[in-house]
Amino acid sequence: MSGERILVIEDEPDLLRGLELNLKAEGYGVLTAARGDTGIEQALRERPELVLLDIMLPGMNGLDVCRELRKKGFDAPMIMLTAKAEEVDRVVGLEIGADDYVTKPFGVRELVARIRARLRKHPGESDSKLRFGQAEVDFARHEAWHKGQRVELTGKELEVLRLLAQHRGEIVTRDRLLEEVWGYETYPTTRTVDNHILRLRQKLEDDPSDPRYILSIYGEGYKLV
């Protein structure tokens, strides 16, 4: 029994009840909210370890809930639940701070596996800030600066950087980055990782063409020094 608490923000009564029963059976404490605005209040008051967040909600949609919570410094993982097939909703959700998404209908085993993965990899408060060179990143607030200027990082760019920071000075392979950051999503090649590293350098290195901190290790992967 884990004892970790999950806040489920979902307006479909049957689905909300089913999630509550199944998550309790897995040993989690469960909090519930049926509206976006009350979900924000619950999250900030109770500080659960993870949030399951539907995109289509009354009061405030899930994307706005996610955005507002991240602005207020809520750092727990958020997994979005969506019945929509459009890629844009998933991409926007990840870019504004969601950690993962599940498309309805979904299996309980798959959902629980994703929850466990997110809770396992989520860093503690001591890992919430990173500084190197003239760059500073606040993972809790999803904010970054370079030379004192605010820069925008996507959700995946933050996750790539977070994993490198957790293993600072060590080589992190491309395959590990794909597995840890993208998880269940399918990408054809490790070029996805390379593109994210390139964008991180462009945003945070003094000279992206000659990086000093986010380094390539030929034939192996990357490391942050």
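The values are calculated or read from the model by the stated rules, or taken from the named source; none is laboratory data. Remember, it's a predicted structure, so these values are computed and weren't measured experimentally. Glycine also receives a Cβ, built like all others from the backbone with ideal geometry; neighbour counts cover every protein chain displayed. Ligands, DNA and RNA are stripped out before the accessible areas are found, and what is left, the full protein with its side chains, is counted by its heavy atoms. Shrake-Rupley method; radii C 1.70, N 1.55, O 1.52, S 1.80 Å.
Remarks
- Residue under evaluation Val193, criteria (1) in contact with a helix residue (DSSP H, G or I) (Cβ under 7 Å, 6 or more places away or on another chain); (2) at pLDDT below 90; (3) assigned to a helix (DSSP H, G or I); (4) closer than 30 Å to Arg5 by Cβ, criterion not met: (4)
- Residue in the range 74-85 that is open to solvent by less than 50 Å² (accessible area, probe 1.4 Å), of a type in the set (Val, Ile, Thr), at pLDDT 90 or above and under 24 Å from Trp182 (Cβ atoms) present: yes
- Scanning the range 115-144 for residues that are more than 21 Å from Leu164 (Cα to Cα) and either modelled with pLDDT under 85 or part of a loop (DSSP other than H, G, I, E, B) (or both) turns up nothing.
- Identity of the residue in the range 165-185, in a loop (DSSP other than H, G, I, E, B) and more than 17 Å from the chain's Cα centre (by Cα), that ends up modelled with the highest pLDDT: Ile171
- Within the range 86-97, if we keep just the residues that are open to solvent by 10 Å² or more (accessible area, probe 1.4 Å) and closer than 24 Å to Leu163 by Cα, the residue that is modelled with the highest pLDDT turns out to be Ile96.
- Residue in the range 145-164 that is exposed (fewer than 15 other Cβ atoms within 10 Å of the Cβ), in contact (Cβ under 8 Å) with a residue 24 or more places away in the chain, small (Gly, Ala, Ser) and not in a helix (DSSP H, G or I) present: no
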